[in-house]
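The values are calculated or read from the model by the stated rules, or taken from the named source; none is laboratory data. The structure displayed is predicted, hence computed values, not measured ones. Neighbour counts are summed over all protein chains in view; Cβ atoms, including those assigned to glycine, are modelled from backbone coordinates with ideal geometry.
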Amino acid sequence: MREGSALSNRMLFKLFALPSVLLVLAFVGLHFFGSFLPDLFSGSAVFEGLADGSRAAALWIGAGLLLASLVWFIVCFYRLWRWSQGNSDCCFTCGGIVDQKHGRYGPYKHCLACGKNEKI
Ligand SMILES: [Zn+2]
């Protein structure tokens with residue numbers, strides 16, 4: 001890699017941004033549905049059922065998001081590993097990991113490290 005760690009940090013950040021957000025959402029969701037909403041609804045009899053439902057759903061929502069983020073982390077580590085072995089496509093400019101995307105002008109590769117696009 002030409003420009004060293006700044007580019008590679010940026011690439012890693014972009015690669016792991018989404019699973020990290022999911023991981024945070026899992027804990028936020030667990031807290032939100034597990035204690036914030038039930039507390040909010042606990043005062044009124046009308047919403048008592050909703051509070052119970054929210055408490056019951058909290059664990060499932062939290063577990064679901066946690067699982068999704070774990071799977072995503074594994075996929076990202078797999079991509080990183082394949083890239084480090086030289087088995088995946090890489091950027092024509094800096095050699096970073098590329099995403100395959102479909103744009104208005106057809107499929108292209110978007111570099112996660114330097115941000116350049118290349119037509120396929
Ligand atoms: Zn690049």
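Is there any pair linking a residue in region 98-120 that is at pLDDT 90 or above to one that is of a type in the set (D, E), with Cβ under 6 Å and at least six apart or on different chains, and which?
V98/D89; K109/E118; H110/D99
Looking at (1) assigned to a loop (DSSP other than H, G, I, E, B); (2) in contact with a Leu (Cβ under 9 Å, 6 or more places away or on another chain); (3) more than 16 Å from the ligand (Cβ to nearest atom), find the lone condition where G43 falls short.
Failed condition: (2).
Is there any pair with a first residue in region 35-61 that is under 23 Å from L25 (Cβ atoms) and a second that is in a loop (DSSP other than H, G, I, E, B) whose Cβ atoms are under 6 Å apart and which are 6 or more apart or on different chains, and what are they?
Cβ pairs passing all conditions: F41/F47; A51/S42.
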